[in-house]
Every structure is written in structure tokens, then in C-alpha cells.
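Peer 1: Quick one: the structure is below, questions incoming.
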Amino acid sequence: MTVENMPSVHAAITSRRSIRRFLPTEVPQDALVRILTGAGYAPSGHNIQPWKVYVVRDATKQRITDGILKAIATEPEEAHQPEYDYYPTEWFEPYLERRRRVGHTLYSLLGIERSDKAGRDRQMEENFRFFGAPVGIFVSFDRRLATGTFMDIGMFLQNIFVGARGEGLDTCGQAIFTWYHKVIREILPMGEEELLVCGLSIGYADPSAPENRLFTEKLALSDYCTFLD
Ligand SMILES: Cc1cc2nc3c(=O)[nH]c(=O)nc-3n(C[C@H](O)[C@H](O)[C@H](O)COP(=O)(O)O)c2cc1C
């Protein structure tokens with residue numbers, strides 16, 4: 001990486017945002033291969049490269065959508081739980097407010113009232129339709145590894161998110177898929193030892209979709225960084 005290229009790296013990082021409505025336009029396989037190869041350059045403690053990745057399109061993607069929507073319609077919510085806690089059980093400030101704000105902004109862009117539980121559920125289910133994206137990606141690692149592996153996977157995921165920008169593509173990380181790992185496991189060739197960390201959708205953003213007008217607020221550097229001499 002040369003100094004001359006640095007501004008484009010910053011642009012790729014800052015232009016990334018979560019997209020929740022995609023065009024049906026196909027994602028070129030060579031772009032996907034470049035993104036995922038680049039993701040594999042992520043650092044990992046002791047270079048263990050713990051990521052396992054499944055890319056789904058067409059029939060396999062549809063089976064995942066159908067399987068999860070069927071589970072939602074026919075099985076109790078408690079039957080489907082993630083294998084790790086991404087979120088705290090009790091939210092507290094300042095995180096509670098930040099979390100509320102993103103939900104509130106998304107639903108108001110979509111015209112879904114706070115009291116409209118069915119409307120919110122319908123929007124939640126769009127996650128499982130990959131927000132219309134032609135490609136879904138699932139990332140797992142061997143559960144016998146330790147908590148630090150989540151850092152390695154986070155870096156791998158961010159390489160996908162930012163690498164996608166370099167190809168003119170957009171993404172949405174989707175931890176929500178981890179609730180349905182049992183359904184996903186029946187469809188993907190995942191080993192028993194694999195822990196599903198995250199799903200994501202990738203494709204071309206639909207510029208006319210109201211949900212894609214969501215630009216989340218970012219903190220000022222001084223809110224989270226202390227420079228010490
Ligand atoms: C690991 C991870 C999991 C996420 N899971 C979901 C999800 O299940 N559904 C969803 O709509 N957004 C999901 N998001 C997107 C976040 O809501 C989003 O990153 C956040 O609101 C900040 O907005 P931005 O990505 O546009 O900067 C996830 C993001 C990350 C990093």
C-alpha cells in the first residue's frame with residue numbers, strides 16, 4: 001500500500017454502511033472471489049485463520065429463507081437461540097439510546113409505527129430474505145477455539161464489508177441469522193464443531209429504497225479516543 005492510495009482506503013471505510021434493500025442484479029463471481037480472498041488477508045492471533053465461509057445463492061439461499069420462515073411460523077421462539085451472546089440481556093446507557101435511535105430511524109423511514117408489531121416483524125423477516133440480495137454469506141469458526149477468535153472473525157468480516165465497497169457492492173452484517181443456526185446447519189455442510197458467528201447479505205444497493213436512506217450517526221473522535229503525550 002502506497003501513501004498515494006491511502007485516501008481511497010479511507011473512502012472505502014467511510015462509505016460502508018448497512019444496506020437493507022438490494023437490487024436483484026447478479027454479483028459477479030470474480031468480484032466475490034476477490035472480496036473473499038482479500039478477507040483472508042485479515043490478521044489473526046498466531047495466524048490461525050479460523051474463518052470458515054459459506055456463500056449461498058439461488059436454490060441454497062432460497063432453502064435457508066424458506067427453512068427459517070417456516071421455523072418462525074411453526075415453532076416457538078425459544079426453540080431458536082444463538083450459540084453465543086452478541087448482545088447483553090439488559091441494555092444500559094449510553095448503548096440503550098444508540099440502539100433505540102437506529103431502530104427508530106429505520107422504522108420511521110419505512111413508515112412503520114412504534115405500535116405496529118406486525119410491521120416490525122415483517123421488516124425483521126426481510127433479514128431472512130437477505131433483503132433481496134442475490135448472495136448471502138455465512139461465517140463460522142471451530143467452537144473449541146477461545147473468545148479471542150471473535151476478534152479475528154470481526155476483522156475478517158470487516159474486510160468483506162470494506163472489500164465489497166472496492167467492487168461497488170454493499171453489505172449488511174446479520175447476526176440475526178445466528179438465532180436460526182439449527183435450520184442453517186441442516187442446509188449448509190457445517191461440521192458439528194462449527195459455531196455460526198454471523199450471516200451477511202451482499203449485492204448492489206437499491207438507491208430508491210427508503211430503508212437505504214438510513215445513515216447512522218457516528219461519534220466524534222473525541223467521544224471515544226484520548227490522546228496522551
Ligand atoms: C456483526 C454485525 C451484525 C449485525 N446484524 C444485523 C442484523 O441482524 N440485522 C440488521 O438489520 N443489521 C445488522 N447489523 C447492522 C447494524 O445495525 C449496523 O452496522 C449499525 O446500525 C451501524 O450502521 P452502519 O452499518 O450503517 O454504519 C449488524 C452489524 C454487525 C457489525
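The values are calculated or read from the model by the stated rules, or taken from the named source; none is laboratory data. Please read these numbers as outputs of a predicted model, since none were measured by experiment. FYI the Cβ positions are ideal-geometry reconstructions off the backbone, even for glycines, and counts take in every protein chain you see.
Peer 1: Give 211, 192, 167 a once-over and let me know the one that is surrounded by fewer than 22 Cβ atoms within 10 Å (Cβ to Cβ), within 17 Å of residue 25 (Cβ to Cβ) and of a type in the set (Asp, Glu). Outline the logic, then answer.
Peer 2: Numbers: 211 fails: within 17 Å of residue 25 (Cβ to Cβ); 192 fails: within 17 Å of residue 25 (Cβ to Cβ).
Result: 167 is the single residue among 211, 192, 167 that is surrounded by fewer than 22 Cβ atoms within 10 Å (Cβ to Cβ), within 17 Å of residue 25 (Cβ to Cβ) and of a type in the set (Asp, Glu).
Peer 1: Shifting gears a bit: Working only within the range 202-229, note down all residues that are more than 12 Å from the ligand (Cβ to nearest atom), of a type in the set (Gly, Ala, Ser) and in contact (Cβ under 8 Å) with a residue 24 or more places away in the chain. Even if it seems obvious, please write down each step before you answer.
Peer 2: Filtering the range 202-229 for residues more than 12 Å from the ligand (Cβ to nearest atom) gives 202-204, 206-210, 220-229.
Filter once more, so that each one left must be of a type in the set (Gly, Ala, Ser): 203, 208-209, 220, 222.
Across the range 202-229, the qualifying residues are 203, 209.
Peer 1: Can you go through 199, 163 and tell me which one is near the ligand (Cβ under 9 Å from one of its atoms), more than 21 Å from residue 104 (Cα to Cα) and either out of contact with any strand residue (DSSP E or B) (no Cβ under 7 Å at 6 or more places or on another chain) or not in a helix (DSSP H, G or I) (or both)?
Peer 2: It is 199.
Peer 1: Output the residues belonging to the range 72-119 that are of a type in the set (A, V, I, L, M, F, W, C) and surrounded by fewer than 12 Cβ atoms within 10 Å (Cβ to Cβ).
Peer 2: Kept after step one, since they are of a type in the set (A, V, I, L, M, F, W, C), are these residues of the range 72-119: 72-73, 79, 91-92, 96, 102, 106, 109-110, 112, 118.
Selection gives 73, 79, 92, 118.
Peer 1: Can you name the condition, by its number, that residue 24 falls short on among (1) within 16 Å of the ligand (Cβ to nearest atom); (2) in contact with a Pro (Cβ under 7 Å, 6 or more places away or on another chain); (3) not β-branched (Val, Ile, Thr)?
Peer 2: (1)
Peer 1: Kindly list the number of the only condition in (1) touching a helix residue (DSSP H, G or I) at 6+ places or on another chain (Cβ under 7 Å); (2) under 29 Å from residue 52 (Cα atoms); (3) among the hydrophobic types (A, V, I, L, M, F, W, C); (4) within 11 Å of the ligand (Cβ to nearest atom) that fails for residue 184.
Peer 2: (4)
Peer 1: Does residue 69 count as under 18 Å from the mean Cα position of the chain (by Cα) and either modelled with pLDDT of 95 or more or part of a helix (DSSP H, G or I) (or both)? Give the steps one after another, and end with the answer.
Peer 2: Working: under 18 Å from the mean Cα position of the chain (by Cα): no; either modelled with pLDDT of 95 or more or part of a helix (DSSP H, G or I) (or both): yes.
So residue 69 fails the test.
Peer 1: Restricting to the range 166-196, count the residues that are in a helix (DSSP H, G or I) and not aromatic (Phe, Trp, Tyr). Outline the logic, then answer.
Peer 2: At the first step, the residues of the range 166-196 found to be in a helix (DSSP H, G or I) are 166, 175-187.
Still in the list and also not aromatic (Phe, Trp, Tyr): 166, 175-176, 178, 181-187.
Result for the range 166-196: 11.
Peer 1: Could you please tell me which pairs satisfy a Cβ distance under 8 Å, a separation of 6+ or placement on different chains, a first residue in the range 77-98 that is of a type in the set (S, T, N, Q), and a second residue that is part of a helix (DSSP H, G or I) and surrounded by 10 or more Cβ atoms within 10 Å (Cβ to Cβ)?
Peer 2: Matching pairs, first to second residue: 81/179.
Peer 1: Let me ask something additional. Can you go through 173, 148, 111 and tell me which one is in contact (Cβ under 8 Å) with a residue 40 or more places away in the chain, small (Gly, Ala, Ser), under 30 Å from residue 43 (Cα atoms) and away from the ligand (no atom under 14 Å from the Cβ)? Steps first, please.
Peer 2: Working: 173 fails: away from the ligand (no atom under 14 Å from the Cβ); 111 fails: under 30 Å from residue 43 (Cα atoms).
Every option except 148 fails the conditions.
Peer 1: I would also like to ask the following. Does residue 91 satisfy the criteria of being modelled with pLDDT of 95 or more, touching a helix residue (DSSP H, G or I) at 6+ places or on another chain (Cβ under 7 Å) and within 22 Å of residue 203 (Cα to Cα)?
Peer 2: Taking the combined requirement at face value, the residue does not satisfy it.
Peer 1: Right, here's the next one. So which residues in the range 25-66 are crowded, with 16+ Cβ neighbours inside 10 Å and assigned to a helix (DSSP H, G or I), if there are any at all?
Peer 2: At the first step, the residues of the range 25-66 found to be crowded, with 16+ Cβ neighbours inside 10 Å are 27, 31-32, 35-36, 38-39, 42, 44, 50-52, 54-57, 61, 63-65.
Within the range 25-66, 31, 32, 35, 36, 38, 39, 61, 63, 64, 65 meet the criteria.
Peer 1: How many of the residues making up the range 106-160 are part of a loop (DSSP other than H, G, I, E, B) and more than 13 Å from residue 201 (Cβ to Cβ)?
Peer 2: Here is the first cut: in the range 106-160, the residues part of a loop (DSSP other than H, G, I, E, B) are 110-116, 133-134, 143-148.
Restricting the remaining residues to those that are more than 13 Å from residue 201 (Cβ to Cβ) gives 110-116, 143-148.
Total meeting the criteria: 13.
Peer 1: Against the definition (over 19 Å from residue 195 (Cα atoms), among the small types (Gly, Ala, Ser) and touching a residue at least 24 places away in the same chain (Cβ under 8 Å)), how does residue 38 come out, yes or no? Please lay out each step first, then the result.
Peer 2: Working: over 19 Å from residue 195 (Cα atoms): yes; among the small types (Gly, Ala, Ser): yes; touching a residue at least 24 places away in the same chain (Cβ under 8 Å): yes.
Yes: the conditions hold for residue 38.
Peer 1: Any idea which of (1) closer than 23 Å to residue 211 by Cβ; (2) out of contact with any helix residue (DSSP H, G or I) (no Cβ under 7 Å at 6 or more places or on another chain) is the one residue 52 doesn't satisfy?
Peer 2: Residue 52 satisfies every listed condition except (1).
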